[in-house]
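The values are calculated or read from the model by the stated rules, or taken from the named source; none is laboratory data. Note that the structure is predicted; figures quoted are calculated from it, not measured. As a convention, Cβ positions derive from the backbone with ideal geometry for all residues, glycine included, and neighbour counts pool all protein chains shown.
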Amino acid sequence: MSNPCTLKEWIVFAALALEGVVPSPRREAELLLRAFYNEDALWLMRHEDTLLHDTSQLYEWVQRRAAHEPLEYICGRVSFYSQEFFIRRGALIPRPETELLIEKILLHVNIEENLTFVEVGIGSGVVSVVLAQHLPHARFIGVDISTEALSIAQQNIDKFGLSERIELRYGNLLSCITEPVDAVVSNPPYIAADAVLEPNLSYEPEQALFGGKEGDETVQKLLREVLRRRIPLFACEIGYDQKQKIEASLSDFKIQSLEFYKDYAGFDRGFIVRLEDGAKQ
Ligand SMILES: C[S@@+](CC[C@H](N)C(=O)[O-])C[C@H]1O[C@@H](n2cnc3c(N)ncnc32)[C@H](O)[C@@H]1O
């Protein structure tokens, strides 16, 4: 569009460019503009007649969004647990339902204890960061097979001043863990290899999404490893159709408690299990 234009005019232009790509083009156009200026809705209302002189970068943002790139990757920020984290391509964009995983853990542990947690598949680091904020005496080891994800996690750990309590390691599942552990937490990849996904998901790393042919292979491998090492507590997000197989895998083990939980849409989304004879390995 020709320069200069007002914010109001720019929104109309951007909404047109997003027509047929996103469900609410005008809202998306406003969100793009707010993210670009890092401002809220009130600011936008107050400045709708302000002139924009150089719209070239904004135009690039609209083009990226029109190509289905998620807004979070475009602006480099994501909101999780009411806080703002760094994000970029290379790590999964944290999803709201993963906040439930955090809540389940907080209900199952003693906040005063000096626990050692391992987060398998730390991604952008949001889960360990929020847990560390709520569990002031706990220490965390965040593992990932993606060096790109580990570097994004490190940025978030530094942003929240938690580098003393969250250590990062490159590794496959628990292979790099040799010390005693109290709890494992994970939001592993759990989508089936042949699943047909929305176009925006093509921007996210495949290794963060796909858990194998059936989808639950990574979850099951991790569960077996946790059981073999008799790690006392394991909390894990799963796919909506994976509950029965998890129950079957746990049927031969002495369980103190096993709770499955649902997401906001009512689908099975995770479980937290405490082993009866669990012990730090
Ligand atoms: C679904 S993402 C979760 C990221 C982050 N914890 C969150 O909840 O937003 C899964 C993460 O697991 C990592 N991952 C996949 N397979 C793994 C494996 N075998 N060992 C360690 N990490 C793995 C991926 O690289 C990705 O960062």
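List of remarks:
- Some residue of segment 78-91 being of a type in the set (A, V, I, L, M, F, W, C), out of contact with any Lys or Arg (no Cβ under 6 Å at 6 or more places or on another chain) and modelled with pLDDT under 95: no
- Thr116 being surrounded by fewer than 22 Cβ atoms within 10 Å (Cβ to Cβ), over 10 Å from the mean Cα position of the chain (by Cα) and closer than 24 Å to Gly171 by Cα: yes
- Just so you know, in segment 206-227 the residues that are under 16 Å from Ala183 (Cβ atoms) and without any contact (Cβ under 8 Å) to a residue 60 or more places away in the chain include one that is surrounded by the most Cβ atoms within 10 Å (Cβ to Cβ), and it is Val226.
- Matching option when the condition is within 22 Å of Pro199 (Cα to Cα) and either touching a Phe, Trp or Tyr at 6+ places or on another chain (Cβ under 8 Å) or not assigned by TED's automatic domain parsing to the domain that holds Leu223 (or both), among Ile74, Ile145, Ile141: Ile74
- Among the residues of segment 178-197, the ones that are assigned to a loop (DSSP other than H, G, I, E, B) and either touching a residue at least 60 places away in the same chain (Cβ under 8 Å) or within 15 Å of the ligand (Cβ to nearest atom) (or both) come to 11 in all.
- Condition met for Asp49 (out of contact with any helix residue (DSSP H, G or I) (no Cβ under 9 Å at 6 or more places or on another chain), of a type in the set (D, E, K, R) and not in a helix (DSSP H, G or I)): no
- For segment 241-251, the tally of residues that are exposed (fewer than 14 other Cβ atoms within 10 Å of the Cβ) and either modelled with pLDDT of 95 or more or in a helix (DSSP H, G or I) (or both) stands at 3.
- Hey, Leu233 more than 13 Å from the ligand (Cβ to nearest atom), crowded, with 20+ Cβ neighbours inside 10 Å and touching a residue at least 60 places away in the same chain (Cβ under 8 Å) or not: yes
- Residue list for segment 261-278, filter: of a type in the set (Phe, Trp, Tyr) and in contact with a Phe, Trp or Tyr (Cβ under 6 Å, 6 or more places away or on another chain): Phe267, Phe271
- Residue count, segment 45-98 (criterion: touching a residue at least 40 places away in the same chain (Cβ under 8 Å) and basic (Lys, Arg)): 4
- Residues of segment 105-163 that are within 11 Å of the ligand (Cβ to nearest atom) and assigned to a loop (DSSP other than H, G, I, E, B): Gly121, Ile122, Gly123, Ser124, Gly125, Ile145, Ser146.
- Residue selected from segment 164-177 under the condition in a loop (DSSP other than H, G, I, E, B) and among the charged types (D, E, K, R), by the criterion nearest to Glu99 (Cα to Cα): Arg165
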